[in-house]
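These notes concern the structure reproduced below.
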Amino acid sequence: MKPYADRREAVLADMRARGGGIAIIPTAREAMRNSDADYPYRHDSYFYYLTGFIEPESVLVLVAGKTSQTILFCREKNLEREIWDGYRFGPEAAREKFGLDAAFPIDAMDTEVPKLMANAAAIFYALGSDARLDAQVQGWLNAVRGQARAGITAPAAVLDIRVLLNEMRLRKDPTEIDVMRRAAKISAVAHERAMRLSRPGMHEYEIEAELLHEFRRNGSQYPAYTSIVATGANSCVLHYRAGDAVLKDGDLVLIDAGCELDSYASDITRTYPANGKFSGPQKALYEIVLAAQAAAIAEIRPGKRFTDGHDAAVRVLAQGMLDTGLLDAKKVGSLDDVIAKGDFRQFYMHRTGHWLGMDVHDVGEYRDPVPEGEEKPWRTLEAGMALTVEPGIYVRPGEGVPEQFWNIGIRIEDDAVVTHDGCDILSEDAPKSVADIEAIMRQGK
């Protein structure tokens, strides 16, 4: 469990650099779906990042003082509950397996944590993320304050532990990148399966089922997010969910779907014709989006700003909008005018990417840390940062919009990791050229 131990040591070092204290990092709570049925359980990403432990009802405590301690609070062994719910490590086995200094039953927190808080300089905790735990932390703090006459001091500050962890999680190590690469490969196979099996007359939910089949068949534990399968006009709805719409001859299908593997997300979007052949207008817009993505990818390397890829994509998209008549140059002016005034946002209204990792919209600031009071520039890319690249064009019917482009929604998205001299596209196996997509769809007929 070396990566997790190394991460805990890095957090402890950061805590000591800030004066020391006690960190409290809980996992996610189980949630009821309805009656006595639970939602599928998924652990908290911060907690897992530091422990590798996936059982609910668990809290990690890190103590950075004269000596350091790593302590896990978790469920006790319970053979009767294991018959119903599955194996539990219990504190002692968890301590040994996951390389912690100590472990206690979760019910011992009210006894043990106030002892650990005593004389600690600060509490490192995500205040406001869990109301019930907030109340417990307040109770523990008050218990320590009540010992003032005995010469015991209480923590004087509460610092957000996520500030420390977000910076760590923003830079992926080789082990994390390997898992993300495998997740992207599984998702790429799923996208290819969807293309191959799609045909007019199918429902969106049937395509979603094919994606989920491929995810699970290849070892993915969950989809990383609710899959978007959108045909026809639905492709112009950015967060559309797969519904019961029928794929029609002549319409496009936009799929935004990715699996989660071993707690790491993939995020891929592909757009293809339901009948296997792009029409002239569809191909024209598709090639613009594809060129915009290539321009953005070319800007991903160390030293470039996070927003440089977006800016490059916008120039290609805006020029394409002018070239195809989506935007009337007589009304909107030159390319620079279109960008300056934001006219392109009629057909492209989102940014070109986001951080990717344990969460599909992963943690990490998008602007560089700078001295207080100064304007923060966009983040400088560094090797190990992972992000998506996802330009698009979405054309809704409207006055002045050429009718041949109505209800065409196109997005192309890939997963990239910044390398020392450029970037590595983890999702490159997912077909995206017009020729490749049409060839694969011919195979399915």
Relative contact order of segment 2-87, pairs being alpha-carbon contacts under 8 Å that are 6 or more residues apart, as %: 30 percent
Whole-Hz couplings from phi, Karplus 6.51/-1.76/1.60, listed for segment 85-96; x for Gly and Pro: 10, x, 5, 10, 5, x, x, 5, 5, 5, 4, 6
Whole-number D in µm² s⁻¹ for segment 1-78, Kirkwood Cα-pair radius fed into Stokes-Einstein, 4 °C, 1.567 mPa s: 95 µm²/s
Selected from F347, P114, A430, residue furthest toward positive end of dipole (the chain; charges at beta carbon): P114
Nearest-20 debye value, segment 163-311 charge dipole, Cβ charges on Lys, Arg, Asp, Glu: 320 debye
Charged-residue dipole, Cβ positions (Lys, Arg, Asp, Glu), segment 15-108 about Cα centre, Debye nearest 20: 540 debye
Dipole axis of the chain (+1 Lys, Arg; -1 Asp, Glu on Cβ), positive-most option in P155, N275, P302: P155
Cα-based shape type of segment 194-327, given that a ≥ b ≥ c are square roots of the gyration tensor eigenvalues and the cut on a/c is 1.5: oblate
Three-way shape label, segment 248-353, alpha-carbon gyration tensor, a/c 1.5: oblate
Radius, Kirkwood style, for the chain when every pair of distinct Cα atoms is counted (Å): 24.3 Å
Segment 171-443, dipole about Cα centre (Lys/Arg Cβ +1, Asp/Glu Cβ -1), debye to the nearest 20: 580 debye
Three-way shape label, segment 2-168, alpha-carbon gyration tensor, a/c 1.5: prolate
Additional length obtainable on full extension of the chain from R33 to R149, 0.36 nm per residue less Cα span: 37.0 nm
Ranked by how many other beta carbons lie within 10 Å on average, peptides 430-440, 222-232, 128-138 from highest: 222-232, 430-440, 128-138
0 to 90° range, to nearest 10: angle between helix 308-324 axis and the chain longest Cα axis: 20 degrees
Cα long-axis angle, helix 131-145 against the chain (0 to 90 degrees, to the nearest 10): 30 degrees
Modelled FRET efficiency - R0 22 Å, E96 with E57, Cβ distances, 0.05 increments: 0.70
Lys/Arg +1, Asp/Glu -1 at C-beta; segment 188-280 dipole; positive extreme among Y225, M202, A245: M202
Efficiency of FRET between E374 and D424 - r from beta-carbon atoms, R0 22 angstrom, step 0.05: 0.10
Within segment 2-168, percent of DSSP bridges classed antiparallel, to nearest 5: 60 percent
Whole-angstrom Cα spans of segment 147-239 along principal axes, big to small: 77, 32, 20
Peptides ranked, highest mean first, by Cβ atoms within 10 Å: ranges 169-180, 384-395: 384-395, 169-180
Largest-first principal axis extents of the Cα set of segment 131-190 (Å): 65, 23, 14
Förster radius 35 Å - calculated FRET efficiency between R345 and R162 (Cβ-Cβ, nearest 0.05): 0.65
Derived scalar couplings ³J(HN,Hα) [segment 63-73; Karplus, 6.51 cos²θ - 1.76 cosθ + 1.60; whole Hz; x for Gly, Pro]: 10, 10, x, 4, 10, 9, 9, 10, 10, 10, 10
Rounded tilt (10° steps) of 174-197 against the dominant C-alpha axis of the chain: 40 degrees
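Coordinate-derived values only; no laboratory data. What you see is a predicted model; the values in this text were computed from it and never measured. FYI the Cβ positions are ideal-geometry reconstructions off the backbone, even for glycines, and counts take in every protein chain you see.
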